[in-house]
Amino acid sequence: MDRYGIITNVEKDKDLMVSREIKDYLEQHGKTCTLLKHSDEKTSLDHAHGLEEDDEGPVFCYTDPKLVPEDTECVLVLGGDGTLIQAARDLSGKNIPLLGVNFGTLGYLAGVEKQHILPALDMLMEDRYTLERRMMLDGTLYRGDKIKKRDVALNDIVISRGGVLRVIDFKLFVNGEFLNLYSADGIVIATPTGSTAYNMSAGGPIVSPEASLMVVTPICPHTLNTRSIILSAEDTITIELCTDRSGNNKERLVSFDGDNSQKAYEKDSIKICRSRQCTNIIKLNKISFLEILRKKMSVNV
């Protein structure tokens, strides 16, 4: 690889010290490297996956895919899994492989630790890597016949209550066929990549990330026998929101990868299917998913 881009979580790499070290190292070896700009003009940082301030503190800004050079062969994502997931969504359709550099804690997706970045760059420049294709989800929120929201997700699409401490009722259809009526705090539709995220916390199964399937896991269901359901990646899931038990049209939330939430109301429906887009994750070692899982999830005693 010869042409690189860098997206940085500037809370993890303050003053872009590591980002600039990487850029300098690549350019010293005759490569090109762009610190990718974002589209928010309110922040003083001109480069990287920056932050802006709101009433609740700093939040992520998004990388504008139009600012990514067309000949970019690889994007290095500095931060943690959350930063990489956001980059995957921002750059969906660009088909650019991503390498995550972990500045966080668990780091399932960010396969390179910060202290090992220079040897990792050597492997990239020598083309010693493999690619893992990770499936994504397309989600569309309908209000009647009108589309209110459409987005893509690498981890999951979640339908949840909108702040009121009351279960929500919804119907689940698979390929147009009614499957079940749920009363729950919500529901998670996860990819294999997202199986170790909210899905796992909600009691769902862990799935090998290179599998092609969807995991449907209710959140705190108000029943004794509701379990996760594994569906084919080729299925289409439709969730219809039912009338609130109180008779009020309380809002619900539809979120994509824990971000970019959209309000939804009774009689709205959410259609979810496999995306035509996928995320290509660069892998530099032969460590298996099971070994990563064991190391990340084990408790030292």
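Structure notes:
- Evaluation of Asn175 against the conditions (1) out of contact with any Cys (no Cβ under 8 Å at 6 or more places or on another chain); (2) more than 21 Å from Leu231 (Cβ to Cβ); (3) not hydrophobic (A, V, I, L, M, F, W, C) shows that the sole unmet condition is (2).
- Output for region 111-143, where each listed residue is in contact (Cβ under 8 Å) with a residue 60 or more places away in the chain and not in a strand (DSSP E or B): Gly111, Lys114, Ile117, Leu118, Ala120, Leu121, Met123, Leu124, Met125, Asp127, Arg128, Tyr129
- The residues on offer are Asp145, Asp138, and the sole one that is surrounded by fewer than 24 Cβ atoms within 10 Å (Cβ to Cβ) and more than 17 Å from Asn260 (Cα to Cα) is Asp145.
- All positions within region 150-164 that are more than 27 Å from Pro97 (Cα to Cα), open to solvent by less than 60 Å² (accessible area, probe 1.4 Å) and of a type outside the set (Gly, Ala, Ser): Ile159, Val164
- Candidates are the residues of region 12-29 that are touching a strand residue (DSSP E or B) at 6+ places or on another chain (Cβ under 8 Å) and in contact (Cβ under 8 Å) with a residue 60 or more places away in the chain; the one that is most open to solvent (accessible area, probe 1.4 Å) is Lys12.
- Thr279 touching a helix residue (DSSP H, G or I) at 6+ places or on another chain (Cβ under 7 Å), of a type in the set (Val, Ile, Thr), touching a residue at least 60 places away in the same chain (Cβ under 8 Å) and closer than 18 Å to Ile85 by Cα: yes
- When region 69-91 is filtered for residues that are outside any strand (DSSP E or B), open to solvent by less than 40 Å² (accessible area, probe 1.4 Å) and within 19 Å of Asp257 (Cβ to Cβ), the ones remaining, listed by number, are Gly80, Asp81, Thr83, Leu84, Ile85, Gln86, Ala87, Ala88, Arg89, Asp90, Leu91.
- Met1, sole failed condition from (1) closer than 15 Å to Leu121 by Cβ; (2) at pLDDT 90 or above: (2)
The values are calculated or read from the model by the stated rules, or taken from the named source; none is laboratory data. From a predicted model like this one, the values you see are computed outputs, not experimental measurements. A quick note on method: Cβ atoms are made from the backbone with ideal geometry, for glycine too, and the neighbour counts reach across all protein chains shown. To get the accessible areas, we keep the full protein, side chains included, count just its heavy atoms, and leave off ligands, DNA and RNA. Shrake-Rupley method; radii C 1.70, N 1.55, O 1.52, S 1.80 Å.
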